[in-house]
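Reviewing the structure listed below.
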């Protein structure tokens, strides 16, 4: 028997929030992946919506923070509001 | 290489988490895979001692609770197998290693559940000891393991409380019921203390696991914490812990307790416990008897994918089969 493919599971815990990655599981196809995900990751009403995505369909960057992949944003402090000095007495800024 | 190692050490030093695609020393990866796999196997085998009582639990309420608890143990096993896979372990291979006896699981599950009170005592003492062990693992240095432990610890709290409540109910019952509880406590107390593993001076890997922040406390520290937590719970319940040497030591601010029979732990770990053969036989049979389900689901998936392909021949073909790695966990 060939092994069932691996799926990554994402759960939206309530309306208004993003789906968040919760783990993975093996399933024969998309439909059973969702059913397994429901049984495994939402036994206590942890979700209102589930995504199950084949792991080999995910393009992933290295999680390593030092990776040069993220270097382009490293020196652009002017993208943050704190870069700009505004006198304290200017309201609503 | 030196750079990678330095970066890894820096991550550990700064108390940051190691994530799946980070470089890590071979020893760290191997230790992590072994620990997570053994932990997963323990959850899976751990379904059996209590699972045997689902049909015999005395009320629908107790059956439903026990069923939910055993289902949780299955879930915990799966969270952990999922974490092991992020390190490159193969799920089918992990299952094979368990049923062929090539990887271990917690020795506690090789003891029999002789009466219904055992269900309560397992929840109270065995799950209590597991919680003691697992709470610090929520800060373990390997990200996917720590995240799985957070989820598991939240659910274990229900396990311990349902067990203690079951025992309180029995203690309010007849003399015979109280005797059942005391008998179960007598049998499970020492094996529960052994769950924390060998004493520190006989645990050669502890120092390295602590340096890598895989473990946060030594076996003896956690064992002591468990004893100190449990003594007042036993008093509230009205049972005696079967250790004549157990007493409060005001100088240490902790309880002293009697010597543990380490030869028993060694014997049970190496396969000679009361239930080792039965536990593995049941797991093997479940795996073999489930083969047709796995094959049928695979065949169905292939058939529907094929039908889909024929219906949409002009569109992109479906992805090829094969298990991916848990790259994003």
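Structure above, values below:
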item	result
Failed item in (1) surrounded by 10 or more Cβ atoms within 10 Å (Cβ to Cβ); (2) more than 13 Å from chain B (Cβ to nearest Cβ); (3) in contact with a helix residue (DSSP H, G or I) (Cβ under 8 Å, 6 or more places away or on another chain); (4) within 30 Å of residue B:23 (Cβ to Cβ), with residue A:50 passing the rest	(4)
Sole exception among (1) at pLDDT 95 or above; (2) closer than 22 Å to residue B:273 by Cβ; (3) part of a loop (DSSP other than H, G, I, E, B) for residue B:108, by number	(3)
From A:71, A:28, A:61, residue being within 22 Å of the chain's Cα centre (by Cα) and either touching a residue at least 24 places away in the same chain (Cβ under 8 Å) or facing another protein chain (nearest Cβ under 10 Å) (or both)	A:61
Some residue of the stretch B:201-211 being out of contact with any strand residue (DSSP E or B) (no Cβ under 7 Å at 6 or more places or on another chain), surrounded by 19 or more Cβ atoms within 10 Å (Cβ to Cβ) and modelled with pLDDT of 95 or more	no
Residue check, residue B:81 on the phi < 0 side of the Ramachandran plot and assigned to a loop (DSSP other than H, G, I, E, B)	no
Failed item in (1) exposed (fewer than 12 other Cβ atoms within 10 Å of the Cβ); (2) closer than 21 Å to residue B:91 by Cα; (3) modelled with pLDDT under 95, with residue B:326 passing the rest	(1)
Residue within the stretch A:74-81 that is assigned to a loop (DSSP other than H, G, I, E, B), at pLDDT 90 or above and either more than 9 Å from chain B (Cβ to nearest Cβ) or within 16 Å of the chain's Cα centre (by Cα) (or both) present	yes
Extreme residue, nearest to residue B:304 (Cα to Cα), among residues of the stretch A:1-18 that are surrounded by 15 or more Cβ atoms within 10 Å (Cβ to Cβ) and more than 11 Å from chain B (Cβ to nearest Cβ)	A:11
Matching entry among B:91, B:61, B:29, B:56 (being at pLDDT below 95 and either on the phi < 0 side of the Ramachandran plot or away from chain A (no Cβ under 14 Å) (or both))	B:91
So residue A:29, is it modelled with pLDDT of 90 or more and within 20 Å of residue B:82 (Cβ to Cβ)	yes
Candidates B:75, B:51, B:46 - the one that is within 11 Å of another protein chain (Cβ to nearest Cβ) and in contact with a helix residue (DSSP H, G or I) (Cβ under 6 Å, 6 or more places away or on another chain)	B:75
Which listed residue, of B:221, B:235, B:251, is under 20 Å from the mean Cα position of the chain (by Cα) and over 19 Å from residue B:146 (Cα atoms)	B:221
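Residue by residue, here is whether (1) more than 18 Å from residue B:188 (Cα to Cα); (2) loosely packed, with under 13 Cβ neighbours inside 10 Å; (3) in contact (Cβ under 8 Å) with a residue 40 or more places away in the chain holds:
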site: B:237; (1), (2), (3): no, no, yes
site: B:248; (1), (2), (3): yes, yes, no
site: B:255; (1), (2), (3): yes, no, no
site: B:260; (1), (2), (3): no, no, yes
site: B:269; (1), (2), (3): no, no, yes
site: B:273; (1), (2), (3): no, no, yes
site: B:276; (1), (2), (3): no, no, yes
site: B:279; (1), (2), (3): no, no, yes
site: B:283; (1), (2), (3): yes, no, yes
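The values are calculated or read from the model by the stated rules, or taken from the named source; none is laboratory data. The model shown is predicted, which means the values in this text are computed figures rather than measured ones. Using ideal geometry, Cβ is built from the backbone for each residue, glycine included, and neighbour counts are taken over all protein chains shown.
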